[in-house]
1. How large is the Kirkwood hydrodynamic radius of segment 1-69, counting all unique pairs of alpha carbons, in Å?
2. If you take every residue apart from residue 53 with its C-beta less than 15 Å away from the C-beta of residue 53, what net charge results, scoring Lys and Arg +1 and Asp and Glu -1?
3. For segment 20-68, run through the trypsin sites (Lys or Arg not before Pro) and keep only the ones in DSSP coil with at most 10 other Cβ atoms within 10 Å of their Cβ.
4. Using the Karplus equation 6.51 cos²θ - 1.76 cosθ + 1.60 (θ = phi - 60°), what ³J(HN,Hα) coupling, rounded to whole Hz, does each residue of segment 49-61 give in order, writing x for Gly and Pro?
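Taken together, the values in this text are just the output of simple stated rules run on the coordinates, not laboratory data. What you see is a predicted model, and the numbers here were worked out from it, not measured in a lab. Heads up, the Cβs are rebuilt from the backbone with ideal geometry, glycines too, and the neighbour counts pull from every protein chain shown.
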Amino acid sequence: MPRRRTPLAKAHLTGAAAKHPERYNKRSEPATPGPIGDSPSWLTEQERKMWLAFTWEMPWLSASDRAALGSACVLRARMEARETTTAAEFREFRMVLTTLGGTPTSRSSVAVTPSDLAGDEAETDLAQKYFT
């Protein structure tokens with residue numbers, strides 16, 4: 001099975017784009033539409049608490065992560081409430097966490113520094129708070 005394609009933002013953060021510019025110079029990816037924002041209205045009260053926990057634990061999430069984060073909140077709320085959870089739900093939860101960069105393995109190859117997030121002063125402050 002071929003290796004998965006490295007996202008352009010990750011390539012820039014890890015230095016892969018500078019090391020192999022021929023692999024990335026013709027690529028473009030959609031811009032992030034903004035911050036993650038408040039939890040959706042369809043989440044229950046307990047699931048909204050999970051939303052707040054996830055946004056604190058993973059400050060890099062953006063608006064494009066809302067759908068995946070919503071499903072993670074539903075699953076995490078069920079697990080924390082000790083409801084009967086199937087093996088498939090545990091696998092789904094792990095997969096969503098990996099997708100969001102919420103496991104050590106899924107984020108281990110990306111090292112973000114304040115200079116990587118330069119531009120917006122608030123982003124720089126956030127980067128200093130969580131990544132130094």
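1. Working: mean 1/r = 0.0693 Å⁻¹.
Final number for the Kirkwood radius of segment 1-69 is 14.4 Å.
2. -2
3. Numbers: sites: 23, 26, 27, 48, 49, 66; in loops: 26, 27.
Taking segment 20-68 and a limit of 10 other Cβ atoms within 10 Å, the loop trypsin sites (Lys or Arg not before Pro) found are 26.
4. 5, 5, 4, 4, 4, 5, 5, 6, 6, 10, x, 7, 5
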